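This report concerns only the one structure given below.
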Amino acid sequence: MAYYRLYVLSAPEGRFVGFEEIDAADDGEAVLRAEDFIGGRPLELWSGTRKVRAFPAVGERRG
């Protein structure tokens, strides 16, 4: 297992406001787990000093 951090950023400033810890076998699994947190704030998934992926904020869905 590898250790990842999913950083939560403020929108639109992009300042750090918190993080979630993710344990995953590899980058692909970490990305899938990180997708569960996608919402109104941008996110960045990191493994140590390596940025794995950035996720933009999404607006509210209207039905």
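FYI, it's all coordinate maths here, none of it is from the lab. Everything numeric in this text was worked out from a predicted model, so none of it was measured. Positions of Cβ are backbone-derived with ideal geometry, glycine not excepted, and every protein chain shown enters the neighbour counts.
Relative protection proxy for 23-33, 2-12, from highest mean packing down: 2-12, 23-33 (other beta-carbon atoms within 10 angstrom). Matching the structure-derived mean projected area of the Cα convex hull in nm² against the labelled list [x] 5.9; [y] 4.4; [z] 5.4 gives the label [y].
Near the amide H of R53, within less than 5 Å, lie the amide hydrogens of L45, all on another chain or at least 5 residues away, with H placed in the peptide plane. Summing Cβ point charges (Lys, Arg +1; Asp, Glu -1) relative to the Cα centre of the chain gives a dipole of roughly 300 debye.
Whole-Hz Karplus values for region 29-34 come out as 5, 5, 4, 4, 5, 5 Hz, taken residue by residue from phi with 6.51 cos²θ - 1.76 cosθ + 1.60 and θ = phi - 60°; glycine and proline positions read x. A dipole drawn for the chain from +1 and -1 charges on Cβ atoms has a positive end, and of G48, V17, A30 the residue lying farthest that way is V17.
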